[in-house]
Amino acid sequence: GIKCGGVLSAPSGNFSSPNFPGLYPYETECTWLIVVAEGSSVLLSFRHFELEYHATCAYDYLQVYNGATRDQGNLLGTFCGRSPPPPFSSAWHVMAIVFRSDRHVAKHGFAAAYQKGSGEGRRWRSVCPSVLPHHPHHPCLPTDACGGQLTGLSGEITSPRYPESYPNDAECRWSIGGAGGSGPLTLVFADFQVEGGQGCGFDYVALFDGPTAAAPRLGRYCGSARPPRTVSSAPHLLVLFKSDFNIGGRGFKAHFYSAGECQEVFTTIKGNFSSPRYPNFYPNNLKCQWSIQLPPGYRVKVFFLDMELEGRSSLTGGCDYDHLSAFDGGTENGSLLGRWCGRVNPSPITSRSNQLLLVLHTDRNTAKRGFSIAYVGVVPMNVSCTRTDFHIQIPVQSLAQLERNRIYLGTPSCAAQVVGKNFKIHTRFDTCGTESQKRNSTSVIVSTLYIDFSVGDQEDIHQYEVQCEPKRKEASVTLIAGPNPSRLSQAENLVDAQQRDGGAMDTHEIKSQDTSDIVFISICILAGLLMVIAVVGLVLL
């Protein structure tokens with residue numbers, strides 16, 4: 001029978017828990033949806049907060065959503081106890097607040113104020129509940145409000161009125177991070193025009209390596225030159241913008257992202273990663289990048305272990321909402337290797353170079369579980385064969401950290417030799433664990449090449465199947481085990497790329513005399529001569 005919640009559409013206002021400042025009722029659930037003018041943001045501040053405490057807020061709690069409620073990708077935080085939530089600034093013009101109480105233990109609840117993040121001037125105008133005195137840590141919000149607490153894994157901030165000229169006498173503080181992020185934060189300025197001056201003593205943007213201005217300062221910038229990319233040492237970053245009484249500018253636009261979950265670079269031969277918060281729902285409003293950069297000659301093979309993103313558009317049938325894209329190379333200008341959305345199980349993909357970039361875009365609503373990915377570097381090698389032998393060459397620089405006995409064919413006794421700039425294995429078909437098989441009615445010789453990257457007790461052995469069709473003297477190599485100890489369910493034929501890679505090696509080292517063919521031809525000629533002699537002998541008799 002308790003009435004609470006509703007839609008708040010005024011430019012500013014306040015709301016509180018039922019019966020505030022008295023005890024809130026048991027078994028109550030209230031939802032407030034704040035909607036301001038499109039193109040604006042919502043700034044939310046709490047002036048009083050007292051809910052039943054639990055370590056995980058499992059009893060009574062308040063949740064703040066960066067957009068429509070119940071979409072877990074928009075959840076900014078869940079709060080309980082006596083510590084008030086920080087001020088919040090939404091990424092768009094909608095914010096939702098959910099309050100829930102159980103059947104035991106009631107407290108005094110909360111009181112909150114909100115403000116549309118735009119307007120003329122910078123006059124302070126009270127939107128605070130009249131039942132409470134002014135709280136020193138949560139002052140009422142100005143009509144030209146800016147700043148706030150930003151807890152998403154990625155987002156965008158702009159100066160007031162951007163791209164129009166910012167107001168005079170402005171002071172804005174954006175405290176970034178602090179709600180689940182565990183890695184450093186990266187801030188990149190896309191546009192910057194602030195009044196200049198020696199020492200940036202007039203208008204300026206200052207960056208601090210922590211949540212407050214007491215943290216070490218990372219830089220102070222003004223003028224029209226974009227500040228450099230800034231990376232914090234902790235999961236907190238403060239952006240402070242100040243303008244004086246005259247002469248303004250266009251202001252600035254900057255993007256931030258959490259380097260720990262949303263922006264990573266991998267240089268190891270194999271690895272794995274997943275979307276933020278996987279297997280829980282990923283956040284909305286993300287642009288995350290994972291760059292895989294391996295030594296020259298390698299290629300990158302990616303395996304999709306799990307994927308569930310927002311589905312295709314019903315209008316276009318395309319991946320217009322949340323999607324994951326893969327690019328050949330280190331930038332989005334590279335060739336598109338694939339773009340996925342929905343609940344799919346993509347086949348493995350392989351780069352044509354030693355770099356591959358994966359980019360995740362999510363929009364404002366409808367989050368899903370995300371994805372889990374494993375990758376492995378495909379070692380550059382040249383494999384050839386005759387009617388009796390295998391020839392395998394791998395550039396030493398590709399496996400510089402390995403001893404030659406870590407590379408072997410079939411058994412450790414058939415280890416590679418170092419010849420010039422290459423690891424080489426030259427062996428006959430009747431040794432090194434080779435065996436004859438019938439495949440598609442064709443006789444082939446098969447063996448397994450092992451490359452042992454193990455360190456200490458951590459076993460890490462990559463396996464490649466090498467195959468020769470003796471009659472045609474054609475060889476191929478296939479990656480059969482890499483990201484996991486067990487054999488991969490899908491493999492890839494690498495012979496074309498290996499021949500290309502082999503062309504880049506020292507041609508003098510690659511050349512080898514096919515002695516087996518010479519012997520074979522000599523035997524055939526000798527047999528022919530003996531047959532002629534035998535026929536002549538019979539005729540004479």
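The values are calculated or read from the model by the stated rules, or taken from the named source; none is laboratory data. Because the structure is a prediction, the values reported are computed rather than measured. Methodologically, a virtual Cβ is constructed for each residue, glycine included, from the backbone with ideal geometry; neighbour enumeration extends over all protein chains shown. For accessibility, only protein heavy atoms count, side chains too; no ligands or nucleic acids. Shrake-Rupley method; radii C 1.70, N 1.55, O 1.52, S 1.80 Å.
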Quick one: P(r) of the range 263-378 from all Cα-Cα pairs, 10 Å bins, percents rounded to integers, in order of increasing distance.
15, 48, 30, 6, 0
What length, rounded to one decimal in nm, is gained on full extension from Arg352 through to Gln198, with 0.36 nm per residue of separation minus their alpha-carbon distance?
50.5 nm
Kindly provide the Kirkwood hydrodynamic radius of the range 382-481 in Å, to one decimal, from all pairs of distinct alpha carbon atoms.
13.9
Amide H of Leu337: which non-local residues (sequence gap of 5 or more, or other chain) have their own amide H closer than 5 Å, using H built in the peptide plane?
Ala326, Phe327, Asp328
Ranked highest first by the average count of other Cβ atoms within 10 Å around their residues, in what order do 423-436, 362-375, 390-403 fall?
362-375, 390-403, 423-436
Report, in debye and to the nearest 20, how large the dipole of the range 219-372 comes out about its Cα centre when Lys and Arg carry +1 and Asp and Glu carry -1 on their Cβ.
240
In the neighborhood of Glu332, defined by Cβ-to-Cβ distances under 14 Å, what is the net charge if each Lys or Arg adds +1 and each Asp or Glu adds -1?
+1
With a Förster radius of 35 Å, plug the Cβ-Cβ distance of Asp191 and Leu305 into 1/(1 + (r/R0)^6) and report the FRET value to the nearest 0.05.
0.35
Cα-Cα pairs in the range 158-304 separated by more than 25 Å, as a whole percent of all pairs, come to 40
Output the peptides 41-50, 168-177, 454-463 sorted from most to least packed, where packing is the average of other Cβ atoms within 10 Å over each peptide's residues.
41-50, 168-177, 454-463
Given Cα pairs under 8 Å that are at least 6 residues apart, what percent is the relative contact order of the range 147-256?
43
Stokes-Einstein, Kirkwood over Cα pairs, the range 5-117, 37 °C, 0.692 mPa s; D in µm²/s equals 236
Which lysines, if any, have their Cα less than 26 Å from the Cα of Lys301, not counting same-chain residues under 8 positions apart?
Lys270, Lys287, Lys368, Lys421, Lys424
Could you compute the FRET efficiency for His255 and Glu38, with r as their C-beta to C-beta distance and R0 at 35 Å, rounded to 0.05?
0.95
For the range 38-48, take each phi angle, set θ = phi - 60°, evaluate the Karplus expression 6.51 cos²θ - 1.76 cosθ + 1.60, and give the result in whole Hz per residue in order, putting x for glycine and proline.
4, x, 9, 10, 10, 10, 10, 9, 9, 9, 8
Put Leu526, Leu286 in order of accessible area, largest first, probe 1.4 Å, and you get Leu526, Leu286
Out of all Cα-Cα pairs in the range 184-251, roughly what percent, to the nearest whole number, are more than 17 Å apart?
40
Please list 3J(HN,Hα) in residue order for the range 432-446, calculated via the Karplus relation 6.51 cos²θ - 1.76 cosθ + 1.60 where θ = phi - 60°; whole Hz, with x for glycine and proline.
6, x, 6, 9, 8, 9, 9, 10, 6, 6, 10, 7, 10, 9, 10
How much area per residue is accessible in the range 263-378 when the probe is 1.4 Å and only protein heavy atoms are counted (Å²)?
41
Could you give each residue of the range 204-221 its phi-based ³J(HN,Hα) in whole Hz, using Karplus coefficients 6.51, -1.76, 1.60 with θ = phi - 60°, and x for Gly or Pro?
6, 10, 10, 10, 10, 7, x, x, 9, 6, 7, 6, x, 7, 8, x, 9, 10
